[in-house]
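Below is one structure; the comments refer to it alone.
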Amino acid sequence: MPVMAPLFTIQDGFTYEVTRKIAEGGMGIVYEAAQLGARGFRKRVALKTIRERFARQKMFMDNFIGEAKLVADLIHTNIVQTYHLGEADGLCFITMEYINGVNLEQFRRQLESKGRQLPKEMAVFIASRIARGLAYAHAKRGPDGKPLGIVHRDVNPKNVMIAFEGDVKLTDFGVAKARGYLTDREGEVAVGKPAYMSPEQADFRVTDKRSDLFSTGVVLLELLLGHNPFRGGSSEESRRNVIEKPLPPFQAMDPRIDDDLARILAKALERDPLRRYQSADDLRDDLEWNIYHKGLGPTNETLGRYMRELFGQIPPEAINGARGSTKLLENTARTRAGRRGRGSRGLSAA
């Protein structure tokens, strides 16, 4: 396999050959790189850097370093893993797991460009994997055994990666709240993407893990409807919509939404946190019951095949003729029929 010529090289005890820019935002840039080792060892990784103007500001640097330290111990199949915090020539960077895929926003745009609607079961499957990652992060404890109180605060399509193999991974804990790791000005500043904030977040109030569950509900609703009904023409309008705009009639807008899924969406999108899902575990269990209670439903492999066909990596006939295809979602699960009712909630494929 040919090796791409590096754009530049970073050395900080490890050697990284940076090969291309993956994405960039207002505060930083993410690159693809190869981590080099002895006897020709090469590992494909992603490097997250902070822009120079922010690197000179103590609060930004403290939070960048805090993010790396926080996520270093978040080891879960539905969270992008962090390997290393490095510094070379005044440049701080985070070495992360490289995901061969796209983020959820790119995924949705590809669907739109091809005039396709994501199968309902696939949308619920993706949301259930986000909930799995959140459940793990929310329950994480520090070295002292005390809960870290992690709240992601920025669950939105750009921060959810889907690999071409079908893995769904939550990323970017840069504005997360966690005990002892990041500077927090909650109540003074609203962080996150306005159209995906919880009402309490949009209203500059203190948040907890239930805020992330509202955001997950918004992401699921967008996957089903093809658009985010809370998105306004400005950040202020989006925040106002999140706080006061009536919820859309889910089933009238998408007849595929059954009564059970409508109930899940309504509960995830409750404006009162006391009436919302109280934990990501509960949301995950209900989502997985919805797609697996008949014993069959989508898997990572199903999503991976769908992804590769959508982006032209395999021909459509390979999907349509395969056992477990998106046309035959009912035949793709690993769980077995016969386990019915709410007593078997949470049973799922990997």
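Looking only at region 192-230, which residues are hydrophobic (A, V, I, L, M, F, W, C), surrounded by fewer than 22 Cβ atoms within 10 Å (Cβ to Cβ) and in a loop (DSSP other than H, G, I, E, B)?
Phe204, Val206
Give just the number: which of (1) touching a residue at least 12 places away in the same chain (Cβ under 8 Å); (2) surrounded by 14 or more Cβ atoms within 10 Å (Cβ to Cβ) does Gln106 not satisfy?
Unmet for Gln106, out of (1) touching a residue at least 12 places away in the same chain (Cβ under 8 Å); (2) surrounded by 14 or more Cβ atoms within 10 Å (Cβ to Cβ): (1).
Can you name the residue in region 258-272 that is under 22 Å from Val151 (Cα atoms) and not aliphatic (A, V, I, L, M) and, of all such residues, is surrounded by the most Cβ atoms within 10 Å (Cβ to Cβ)?
My answer is Glu270.
Quick one: would you say Ile291 is out of contact with any His (no Cβ under 6 Å at 6 or more places or on another chain), buried (at least 18 other Cβ atoms within 10 Å of the Cβ) and either without any contact (Cβ under 8 Å) to a residue 24 or more places away in the chain or under 18 Å from Arg129 (Cα atoms) (or both)?
On the way: out of contact with any His (no Cβ under 6 Å at 6 or more places or on another chain): yes; buried (at least 18 other Cβ atoms within 10 Å of the Cβ): yes; either without any contact (Cβ under 8 Å) to a residue 24 or more places away in the chain or under 18 Å from Arg129 (Cα atoms) (or both): yes.
Yes, satisfied.
In this structure, does Arg275 turn out to be crowded, with 18+ Cβ neighbours inside 10 Å and either part of a loop (DSSP other than H, G, I, E, B) or not assigned by TED's automatic domain parsing to the domain that holds Tyr136 (or both)? Before you say what the answer is, go through the steps one by one.
Working: crowded, with 18+ Cβ neighbours inside 10 Å: no; either part of a loop (DSSP other than H, G, I, E, B) or not assigned by TED's automatic domain parsing to the domain that holds Tyr136 (or both): yes.
When the stated conditions are applied, Arg275 does not pass them.
Name the one entry in Gly66, Gly145 that is free of Cβ contacts under 8 Å to residues at least 12 places away in the same chain and either over 16 Å from Leu213 (Cα atoms) or not in a loop (DSSP other than H, G, I, E, B) (or both).
Matching residue, one of Gly66, Gly145: Gly145.
For region 79-94, does any single residue satisfy the condition of being of a type in the set (A, V, I, L, M, F, W, C), out of contact with any Asp or Glu (no Cβ under 8 Å at 6 or more places or on another chain), in contact (Cβ under 8 Å) with a residue 40 or more places away in the chain and in a helix (DSSP H, G or I)?
In the first step, residues of region 79-94 are kept if they are of a type in the set (A, V, I, L, M, F, W, C); the result is 79-80, 85, 88, 91-94.
Keeping just the survivors that are out of contact with any Asp or Glu (no Cβ under 8 Å at 6 or more places or on another chain) gives 79, 85, 91-92.
Narrowing the set further to residues that are in contact (Cβ under 8 Å) with a residue 40 or more places away in the chain leaves 79, 91-92.
From the residues that got through so far, the ones that are in a helix (DSSP H, G or I) too are none.
No, there is no match, as no residue in region 79-94 is of a type in the set (A, V, I, L, M, F, W, C), out of contact with any Asp or Glu (no Cβ under 8 Å at 6 or more places or on another chain), in contact (Cβ under 8 Å) with a residue 40 or more places away in the chain and in a helix (DSSP H, G or I).
The values are calculated or read from the model by the stated rules, or taken from the named source; none is laboratory data. Everything numeric here is computed off the predicted structure, so don't read it as measured data. So basically every Cβ, Gly included, is an ideal-geometry build from the backbone, and we count neighbours across all protein chains shown.
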